[in-house]
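The values are calculated or read from the model by the stated rules, or taken from the named source; none is laboratory data. Please read all numbers here as calculations on a predicted model, not as lab measurements. Using ideal geometry, Cβ is built from the backbone for each residue, glycine included, and neighbour counts are taken over all protein chains shown. When the accessible area is computed, the model is the full protein with side chains, heavy atoms only, and any ligands, DNA or RNA have been set aside. Shrake-Rupley method; radii C 1.70, N 1.55, O 1.52, S 1.80 Å.
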Amino acid sequence: MKFNKTRNKIFGAIFIFIIVVAFFMMPTGYYLEVPGTAEDTSQFVKVAGKHDKKKGNLLLTTVGIVTGTPFTMLKSLGNNFETVYSQQDLMGDENSQQYFQVQRYAMKSAQNNAIQAAYSKADKQFTKKYLGVYVLNVTDNSDFKNKLEVGDTITSINGYHFNNADQFIKYVKKQDKHSKVKINFMRDDKQKSASGKLVKLPSLKRYGLGITLTDNTEAVGNPPTKINAGNIGGPSAGLMFTLQVYSQVANKDLKAGRTIAGTGTIDPDGTVGPIGGIEKKVYAASEEGATIFFAPDDPVTKEIKKYDPHYVNNYHLALRAAKKLHTKMKIVPVKSLNDAINYLEKTK
């Protein structure tokens with residue numbers, strides 16, 4: 001009898017231990033978007049081989065993606081700055097590896113756009129080098145399903161080199177539906193090749209490779225600029241990288257000793273676009289002591305309202321977040337790079 005009691009206690013303890021571990025560690029299939037960090041862009045940017053040494057900070061802001069466990073899900077209840085997403089809502093049809101690979105490309109694209117926008121504003125020379133088409137997705141029915149991966153850059157097809165994605169698509173359209181094509185592509189800085197048949201693309205009612213693609217380019221300025229954001233992904237640091245690059249190539253002291261944060265995509269022409277998770281980024285900037293926060297003031301069109309009647313643009317979401325935080329940080333609406341530069345120069 002005593003042995004049975006001891007055994008039951010051991011089994012009971014093991015069972016409780018398993019339950020506790022599961023509560024803190026077991027994935028639920030959901031993810032939490034939480035406040036990330038506010039990082040000084042000067043540490044990532046070199047112009048003519050040098051970092052910016054001027055006093056003050058231009059901070060890019062991030063969100064964090066946390067695996068949802070029973071503990072983290074419960075802890076997030078009632079938290080205005082943590083949002084729960086299903087994997088489908090967050091990543092679509094991509095797995096986590098593909099999702100983060102696309103986010104890394106989005107960051108690379110943002111850096112290239114930042115260089116173009118900054119050099120254009122500073123009236124400095126730059127060239128745009130075309131690298132090929134970047135693979136964003138491979139469909140399940142594609143003959144290249146296990147040959148191409150998200151992140152590969154296709155450089156030629158059947159020996160034909162192209163200057164943009166449109167040329168590539170037009171070449172594929174001209175091929176007979178029974179054609180077999182050979183593509184050359186880069187993966188991890190290594191040249192590779194693969195061959196396969198065209199497949200029917202139901203949504204487009206034609207034949208193709210069965211991939212989603214976009215241009216992969218590299219902007220090279222004079223003086224040269226290098227941006228290395230490490231593991232930070234996504235396009236939302238575009239505006240802040242542009243301000244950092246511009247301040248260096250134009251030799252402008254935009255910071256004037258201040259801690260300035262913000263977010264927003266950037267187009268080569270300087271247009272600032274909306275991003276996700278801005279409330280978390282306001283939180284991160286406030287925690288880092290920023291006194292100014294640039295928020296995209298994206299227009300709310302009739303088409304957007306028709307699609308989402310409750311849509312609120314980035315600027316007003318940022319205002320709401322700042323109010324909840326009781327922060328004195330100034331939320332500044334921007335539609336373009338010029339808006340941000342003009343504000344910083346007027347408020348030195």
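Solvent-accessible area of the chain (1.4 angstrom probe, protein heavy atoms only): carbon and sulfur portion equals 52 percent. The convex hull drawn around the Cα atoms of the stretch 49-189, when projected onto a plane and averaged over every direction, covers 14.1 nm². If a helix is a whole DSSP H run, which ones in the chain reach 24 Å or further along their own axis (Cα) and hold a mean Kyte-Doolittle hydropathy of at least 0.0? What comes out of the filter, once short or polar helices are dropped, is 2-25. Computed on the chain, with alpha-carbon pairs under 8 angstrom and 6+ residues apart, the relative contact order is 21 percent. Each principal axis of the Cα cloud of the chain was evaluated for its coordinate range; sorted largest first, these ranges are 85, 64, 46 Å. What the phi angles of the stretch 213-218 give under the Karplus curve with 6.51, -1.76 and 1.60, with θ = phi - 60°, is a coupling list of 9, 8, 5, 10, 10, 9 Hz, glycine and proline written as x. Between 191, 103, 87, the Gaussian network model of the chain with springs among Cα atoms under 10 angstrom shows the greatest mean-square fluctuation at 191. A full extension of the chain between residue 258 and residue 306 corresponds to an added length of 13.2 nm, given 0.36 nm per residue minus the alpha carbon distance. Between residue 287 and residue 120, residue separation times 0.36 nm minus the direct Cα-Cα distance comes to 56.8 nm. Here residue 324 is the anchor, and the aspartates and glutamates within straight C-alpha reach of less than 20 Å, apart from those fewer than 8 places off in the same chain, are 33, 82, 279, 287, 288, 297. Computed from label points 7 Å out along Cα-Cβ, the spacing between residue 195 and residue 175 is 1.2 nm. The amide H of residue 234, built 1.01 Å from its N in the peptide plane, has 104, 106, 107 as neighbours under 5 Å, considering only residues 5 or more places off or on other chains.
Full extension of the chain between residue 147 and residue 10 gives 44.2 nm of extra length, using 0.36 nm per residue less the Cα-Cα distance. Build a GNM of the chain with springs between Cα atoms under 10 Å apart, and of 30, 171, 134 the one that fluctuates most is 171.
Taking 174, 335 and ordering them by how much accessible surface each has at a 1.4 Å probe, largest first, produces 174, 335. Close amide H contacts of residue 259 (hydrogens built in the peptide plane, cut-off under 5 Å, sequence separation of 5 or more or a different chain): 57, 291.
Remark on residue 212: its backbone amide H falls under 5 Å from those of 136, 137, 138, 139, a criterion applied only to residues 5 or more positions apart or on other chains, H modelled at 1.01 Å from N. Pairs exceeding 18 Å between alpha-carbon atoms, taken from 281/323; 280/305; 53/280; 280/306; 53/335; 121/280: 280/305; 53/280; 280/306; 53/335; 121/280.
Ligands, DNA and RNA are left out, and with a 1.4 angstrom probe the accessible area of the stretch 133-264 is 49 Å² per residue. The convex hull defined by the C-alpha atoms of the stretch 85-156 has an orientation-averaged projected area of 6.6 nm². Couplings for the stretch 26-37, taken from phi via the Karplus curve 6.51 cos²θ - 1.76 cosθ + 1.60 with θ = phi - 60°, read 6, x, 10, x, 10, 10, 10, 9, 10, x, x, 10 Hz in order; Gly and Pro are left as x.
Accessible surface calculations at 1.4 Å, restricted to protein heavy atoms, place the stretch 281-347 at 60 Å² per residue. Inter-part distance, the stretch 264-316 to the stretch 155-179, computed on C-alpha centroids, equals 37 Å. Taking 66, 34, 133 in turn, the Gaussian network model of the chain (Cα-Cα springs below 10 Å) assigns the largest fluctuation to 66.
Ranking 183, 18 from most to least accessible surface, computed with a 1.4 Å probe over the protein chains only, gives 18, 183.
The residues of the stretch 34-131 expose on average 52 square angstrom of accessible surface per residue, using a 1.4 Å probe on protein heavy atoms. With every protein chain in place and a 1.4 angstrom probe, the accessible-area ranking of 123, 52, largest first, reads 123, 52.
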